[in-house]
Amino acid sequence: MQTRRTFLAASAAGVMTSALSSHRAFGETDPSVEVAAILPFSGNLEIFGTQARVGLDLAQSEINQTGGIIGRQLHLRYADNRSDPGRGAALVGEVAGDGNPLAIVGPISSAVRDAMMPEVVSRQIPLLYATNYEGGVCNRYFFCFNTVPNQETGRMLPYLSANFGNRYFMLGSDYVWPRKMFETAQAIIAKLGGETVGIRFEPLGTSAFTDAVRQIRASGAKVLLLAVPGADGIAFMRQAKTAGLFDDVAVNFLGFEVTYLDQMGPVTGQGLFVVTPLVASADIPAVQDFVTRIHRSAGKGIVPSEYALTHYNALHALKLGVKRAGEISREAAIEGMAGLTFPSPTGPVSIDPTNHHVTLNMFLGKALGADFTALESLGPISPLPECTA
């Protein structure tokens, strides 16, 4: 298996960054079904957007090669939200105004999602959200295909406490997802008899972490929970490694993206750990088959992350939900996806019929030098029932 990670630059992925691609719509006589993908291909979170596109492009190809959506070809329409909430909300209006999308896929950040939600609800367009997030969004038009906090931290923290100690420091970017992740983690740590010795939040766009590294070291923490995405997180890891922090501290990198490894270099010390829906090197035939198909579609240098997998899953769920309902319409897609269980490269995925969040097969992974390996297959982990309506 390839060990070299390729950063998927937006230009290399062929993403048009101006606005939207050509108009397509579905209807009784239309030859195709449109799905709009509103994702970041610039603005600091493009690593996630371009991985999402890798999974979406493969799913689109497979769906179209196997009869499309009830006989109609699927057309993906990409738009760059630039990680900007206002632009994300405006793009919903644009794709709905000059097209007729069956669904919208995206975005990545919680801020952009929150800005888009009133727009998708008012237009009654299902939003297929395939990013791990803080949980709590409960809406008929919202489907989550990635994890909420308990699915990542519920199995990871007992492992870290048992192997490295129970003194925790938490460093996050200053927005809702890290704060909610840390709230969940603190409750688990307390039940384990551990101690949270420090919590710190940095503004998005922070590139200097000298003070944060000094504070973590002084706290005597044995485990660092890190929720700093994108370029900020890469900068932190580089600086912390140079300072020797990882000789004494294990890291649970929440929202880890496998393409980070090339940019931050091999992790030394006790290691970097994640709980994730996908480890591309896992010795599982279906996973290796998925990686091979990604290589054929996007290039042999691409190592797919969980964002490639979950966005791939989202499109296949849409197809199967429409097939289950028996007609191509937004309401039929919602009814068909609710309660659906469908196959994926890592095993069955089940969509809760009420809150539209998924049960996923999860893996405990660790960075070993420049590689990322699966330590344990954790099996299916369900989200806590935060949403009841």
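How large, in Å, is the chain by the Kirkwood hydrodynamic radius built from its alpha-carbon pairs?
21.0 Å
On full extension of the chain, what length is gained from Arg140 through Val121, given 0.36 nm per residue of separation minus the C-alpha to C-alpha distance?
6.0 nm is the gain from fully extending Arg140 to Val121.
Taking Lys191 as the anchor, which aspartates and glutamates have their alpha carbon closer than 18 Å to its alpha carbon, excluding any fewer than eight residues away along the same chain?
Filter leaves Glu152, Glu183.
I'd like the antiparallel share, as a percent to the nearest 5, of DSSP beta bridges with both residues in the chain.
Of the beta bridges lying entirely in the chain, close to 35 percent run antiparallel.
Just want to confirm a number: the relative contact order over the chain, from Cα pairs under 8 angstrom separated by 6+ residues, in percent.
It comes to 18 percent, rounded to a whole number.
Suppose the chain between Ser382 and Glu327 were pulled fully straight at 0.36 nm per residue; how much longer would it get relative to their current alpha carbon spacing?
The Ser382-Glu327 span can extend by a further 16.9 nm.
Rounded to the nearest 10 degrees, what's the angle between the helix 285-298 long axis and the longest principal axis of the chain, both from Cα atoms, 0 to 90?
70 degrees
Ranking request for peptides 166-174, 280-288: highest mean number of other beta-carbon atoms within 10 Å first, then the rest in descending order.
Going by the mean number of other Cβ atoms within 10 Å, highest first, we get 166-174, 280-288.
Rounded to the nearest 500 deg cm²/dmol, what is the calculated helix-only ellipticity per residue at 222 nm for the chain, with -39500 (n - 2.57) per DSSP H run of length n ≥ 4?
For the chain, the value works out to -12500 deg cm²/dmol.
In what sequence, highest mean first, do 267-279, 373-385, 307-319 appear when ranked by Cβ atoms within 10 angstrom?
Top of the packing list down: 307-319, 267-279, 373-385.
Helix 210-219 versus the longest principal axis of the chain: what is the Cα-based angle in degrees, 0 to 90, to the nearest 10?
Between helix and principal axis, roughly 60 degrees.
Translational diffusion coefficient of the stretch 149-276 at 25 °C, 0.890 mPa s, Stokes-Einstein with Kirkwood Rh over Cα pairs, in µm²/s as a whole number.
172 µm²/s
As a quick test, which of the pairs Lys241/Lys366; Lys222/Lys366; Lys300/Lys366; Lys180/Lys323; Lys180/Lys222 have an alpha carbon distance above 25 angstrom in this structure?
Too far apart for the 25 Å limit: Lys180/Lys323.
Could you grab the relative contact order for the stretch 187-302? Cα pairs under 8 Å, six or more apart, rounded to a whole percent.
19 percent
We did not get these values from a lab; they are worked out from the coordinates using the rules stated. Just so it is clear, the structure is predicted and the values come from calculations on it, not from any experiment. All Cβ positions, even for glycine, are placed from backbone atoms using ideal geometry, and neighbour counts span all protein chains on display.
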